[in-house]
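The values are calculated or read from the model by the stated rules, or taken from the named source; none is laboratory data. Remember, predicted model here, so these are calculated numbers, not experimental data. FYI the Cβ positions are ideal-geometry reconstructions off the backbone, even for glycines, and counts take in every protein chain you see. Just so you know, the surface numbers come from the protein's heavy atoms only, side chains and all, with ligands and any DNA or RNA stripped out. Shrake-Rupley method; radii C 1.70, N 1.55, O 1.52, S 1.80 Å.
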Amino acid sequence: MIDRREFRKSFDAMQAQLARRGAGVVADGSAWGRARKLDVRQRELKTELEALQAERNRVSKLIGQKKAQGEDAAAELAAMQDVAIRTKALDAEAKAAEDAFATILLEIPNPPHASVPDGNDENDNVEIHCWGDPRQDAVPPHWEIGTALGILDFEAGAKLAGSRFTVLRGMGSRLVRGLMQFMLDLHVDKHGCGEVWVPAIVNRKTMTGTGQLPKFADDLYKLEDEDAYLIPTAEVPVTNLYQDTILDADTLPIRHCAYTPCFRREAGSAGQDVRGMIRQHQFDKVELVHLTRPAQVLDDLQILTGHAEAVLQALELPYRLIELCAGDLGFSAQKTFDLEVWLPSQNTYREISSCSSFGQFQGRRAGIRYRDENGKPQPVATLNGSGVAIGRCLVAILENGWQADGSLLIPAALQPYVGGQSHIDVAVC
RNA sequence: GGAAGGGUGGCAGAGUUGGUCGAAUGCACCGGUCUUGAAAACCGGCAAGGGGCAACCCUUCGUGGGUUCGAAUCCCACCCCUUCCGCCA
């Protein structure tokens, strides 16, 4: 969430930054467009209420003193009865105004960082660099490769749960298990991340802390009998590990990695990537989460992105790194680099990791703070990125490791994690 | 799910005949004295959020209601934690 004080003091500057996401973001009817009026209203009522409360407190104290000394306080008592009634009414009004403002604040996206390139959508994203040699020969789509090898079973997934669910068999399952282990080991042993294992169900407050709620409820699976949700990414529980806490500055930066399953309703993506396992309702991911000092956040974004890149390099998967333009940025993000892995069947790069800085946006929402040099609590800066999405990584391994005879080469770095096997042969049956 | 106990500042922990309690005390932390330096000891400071140039004011003792001129303290509901019982991977 944006900073209230900055909102008032630097309204125009903030609006200019927000507008880079698209004109609609600061339009009259938008959250931003309505926020200013609500803020003024809320402060007016609060000022009025506080004056009344001050009067009430003053006289109440006096009544207490008089009574303690055995004096008569009937006059004060009578006068205060009316004040009490007015205070109660005003309090309700002020609270409603504050709630309205607070709610609207939660729906205003993070202003892009000044360094983010201009642009309207994904077509305006900027390529930073490429890595590896993308194979150019004809390769079948991963669902054909996987089905032929007998390791992907889309029919079983559909039977059990519906579309966008997949069953993995044999080496398919083992590859996923191996990938998870491989990625975690890399981040823990080589990158110094602290591994955590967290709940895949979280409450509303936690979902709000990182920005999924209130605005994106439609993307989430909600439990029917409880005010709880299935996580769409480990970012949610891992970042919120520190919600409502004040961290000692010398504990920063904090770097975590975590494996979790992820659940997304994929509302609004009907027709996209319906075949295969690019876009699933349930998928697995190893996530990287950093908490750091705000001044350091861009340096940490480089580090975090580097950790994600290391995964693809170790697996010898060609990819490119792009920076999202202002118009393509996610709601909570201030600056984002995407890693896109090469998928030869589509002759294109597809997102496999998204690494973002959130500035203090999430820290402010979730109440994650640290004490600065002056001992004053400040919201921490947060970052996260996939390191990396396991399902899509499996897709990339299938397509990039496919051999013309139908067999599959397993990346050398992964082989120790799948029982030393170097390839998967065509199913003979 | 049932029973009992409990949720207070960064942490620990007082405070339940309602009233100078935003809250004793200890630890941690910051500044100072002392010391060659450090430790110890001693002195001082130290909750968060909001409003105001400031003096100062308001809010917050799990959450939300209620009673009252006034609630950390009384009443109601809910949430969470601990222990015991039940159930269970």
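General observations
Residue by residue, here is whether (1) near RNA strand B (Cβ under 9 Å from one of its atoms); (2) not in a helix (DSSP H, G or I) holds:
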{"position": "A:K46", "(1), (2)": "yes, no"}
{"position": "A:A84", "(1), (2)": "yes, no"}
{"position": "A:A97", "(1), (2)": "no, no"}
{"position": "A:P112", "(1), (2)": "no, yes"}
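- Residue check, A:R86 without any contact (Cβ under 8 Å) to a residue 40 or more places away in the chain, open to solvent by 90 Å² or more (accessible area, probe 1.4 Å) and touching a Leu at 6+ places or on another chain (Cβ under 8 Å): yes
- Restricting A:Y370, A:Y349 to those that are surrounded by fewer than 24 Cβ atoms within 10 Å (Cβ to Cβ) and either touching a residue at least 24 places away in the same chain (Cβ under 8 Å) or in contact with a strand residue (DSSP E or B) (Cβ under 7 Å, 6 or more places away or on another chain) (or both) reduces the list to A:Y349.
- Any hit, the range A:413-424, residues being at pLDDT 95 or above, closer than 30 Å to A:Q296 by Cα, buried (at least 17 other Cβ atoms within 10 Å of the Cβ) and touching a Lys or Arg at 6+ places or on another chain (Cβ under 7 Å): no
- Residues within the range A:1-22 that are away from RNA strand B (no atom under 16 Å from the Cβ) and closer than 18 Å to A:F361 by Cα, tallied: 8
- Total residues in the range A:249-287 satisfying the condition of being open to solvent by less than 60 Å² (accessible area, probe 1.4 Å), farther than 23 Å from A:L186 by Cβ and among the basic types (K, R): the figure is 1.
- When A:V25 is tested against (1) open to solvent by 50 Å² or more (accessible area, probe 1.4 Å); (2) away from RNA strand B (no atom under 16 Å from the Cβ), only condition (1) is not met.
- Count of the range A:382-394 residues, restricted to those that are within 23 Å of A:T336 (Cα to Cα) and touching a helix residue (DSSP H, G or I) at 6+ places or on another chain (Cβ under 7 Å), is 9.
- Residues that are charged (D, E, K, R) and under 28 Å from A:D133 (Cβ atoms) within the range A:343-376 comprise A:R350, A:E351, listed in sequence order.
- Neighbours by Cβ (under 9 Å, 6+ apart or cross-chain): first from the range A:402-428, without any contact (Cβ under 8 Å) to a residue 12 or more places away in the chain and under 16 Å from A:P140 (Cα atoms); second outside any strand (DSSP E or B) and open to solvent by less than 50 Å² (accessible area, probe 1.4 Å): none
- Any hit, the range A:146-163, residues being within 28 Å of the chain's Cα centre (by Cα), surrounded by fewer than 14 Cβ atoms within 10 Å (Cβ to Cβ) and among the charged types (D, E, K, R): no
- Positions within the range A:286-299 being closer than 17 Å to A:D372 by Cβ, touching a residue at least 60 places away in the same chain (Cβ under 8 Å) and assigned to a helix (DSSP H, G or I), in sequence order: A:P294, A:Q296, A:V297
- The set of residues in the range A:294-308 that are buried (at least 21 other Cβ atoms within 10 Å of the Cβ) and farther than 22 Å from A:Q378 by Cβ comprises A:T305, A:H307, A:A308.
- Taking the range A:322-429 and the strands (runs of 3 or more DSSP E) fully enclosed by it, the elements with 3 or more residues that are touching a Gly at 6+ places or on another chain (Cβ under 7 Å) and in the same structural domain as A:T305 (by TED's automatic domain parsing) are at A:348-357.
- Of all residues in the range A:318-360, those satisfying the criterion of being more than 30 Å from A:W402 (Cβ to Cβ) and among the hydroxyl-bearing types (S, T, Y) are A:S332, A:T336, A:S356, A:S357.
- Sole residue being more than 10 Å from RNA strand B (Cβ to nearest atom), of a type in the set (D, E, K, R), over 42 Å from the mean Cα position of the chain (by Cα) and not assigned by TED's automatic domain parsing to the domain that holds A:L329, chosen from A:E76, A:E71: A:E71
- Here A:I390 meets each of (1) at pLDDT below 95; (2) open to solvent by less than 10 Å² (accessible area, probe 1.4 Å) with one exception, condition (1).
- Of the residues A:R8, A:R34, the single one that is open to solvent by 40 Å² or more (accessible area, probe 1.4 Å), charged (D, E, K, R) and within 15 Å of A:A97 (Cα to Cα) is A:R34.
- Among the residues making up the range A:316-346, a single one is charged (D, E, K, R), in contact (Cβ under 8 Å) with a residue 60 or more places away in the chain and closer than 21 Å to A:P140 by Cα: A:E316.
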